[in-house]
1. When the Cα atoms of segment 6-150 are enclosed in a convex hull and the volume is divided per residue, what value in Å³ results?
2. Specify the inter-centroid distance of segment 61-87 and segment 111-129, based on alpha-carbon positions, in whole Å.
3. What do you get for the angle between helix 42-53 and the principal long axis of the chain? Use alpha-carbon atoms, 0 to 90 degrees, nearest ten.
4. Compute the angle between helix 88-98 and the longest alpha-carbon principal axis of the chain, please, reported from 0 to 90 degrees and rounded to the nearest 10.
5. Describe numerically, in nm with one decimal, the distance between label points set 7 Å from Cα along Cα→Cβ at L113 and at V49.
6. With θ set to phi - 60°, apply the Karplus curve 6.51 cos²θ - 1.76 cosθ + 1.60 along segment 15-31 and write out the HN-Hα couplings as whole Hz, x wherever there is a Gly or Pro.
7. What residues qualify as long-range amide H neighbours of D25, i.e. H under 5 Å apart, gap of 5 or more or another chain, H built at 1.01 Å from N?
8. Calculated FRET efficiency, L6 and S65, Cβ-Cβ r, R0 45 Å, to nearest 0.05?
Amino acid sequence: MSAPSLELLRGIRLVALDIDGVLSDGTISIDSDGLERRVFDIKDGLGVVQMVQAGISVAVISSSSSQAGVARLERLGVSPVLTGVHDKWEALEELMVSLSLSIENVAFMGDDLPDLPCLQRVGLPTAPANAVSAVTDVVAWVSRQPGGRGAVRELSDLLVQAAGGAE
């Protein structure tokens with residue numbers, strides 16, 4: 001799948017991301033005290049920081065109510081970090097209104113069925129390499145890397161390069 005057009009990339013002002021399967025590899029470990037832990041790739045984290053520095057807002061919309069990793073995401077400049085969301089499209093739509101953005105200015109990266117309502121509406125629907133086929137069938141771009149292992153960084157590199165005017 002080829003990269004999105006430079007014109008489309010330059011118009012993106014908000015990137016919304018799922019957590020499990022996108023920012024993390026979807027693995028959740030639970031210790032003997034019942035505390036959950038997620039693993040995040042440091043390269044994806046730098047990608048998030050680079051998008052924020054390039055003036056692209058980054059938000060997380062997750063149906064999981066787990067708080068594991070939320071503090072890290074906030075430290076990276078992700079805002080808002082919405083967890084326990086039952087209707088991701090409604091949450092994204094409210095965020096777009098608050099930021100005065102149209103759907104053409106929004107990218108979303110998701111990997112599974114709960115992400116479809118957002119992916120079917122935004123200007124730049126994207127997915128990690130290991131997303132389910134129902135997702136990869138509707139997105140405009142699929143990363144070469146799997147979720148939690150560089151997919152977000154790959155998207156960031158495209159957007160930041162486009163924002164900087166490099167071709």
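1. 103
2. 17
3. Tilt of helix 42-53: around 50 degrees.
4. 50
5. Here the answer is 3.8 nm between the modelled labels.
6. After applying 6.51 cos²θ - 1.76 cosθ + 1.60, I find 10, 9, 10, 7, 8, 5, x, 10, 7, 10, 7, x, 7, 10, 9, 10, 7 Hz.
7. Sorted by chain and number, the residues that satisfy this are V39.
8. 0.70
A short reminder: the numbers here are calculations on the coordinates, not readings from a lab. The structure displayed is predicted, hence computed values, not measured ones. Neighbour counts are summed over all protein chains in view; Cβ atoms, including those assigned to glycine, are modelled from backbone coordinates with ideal geometry.
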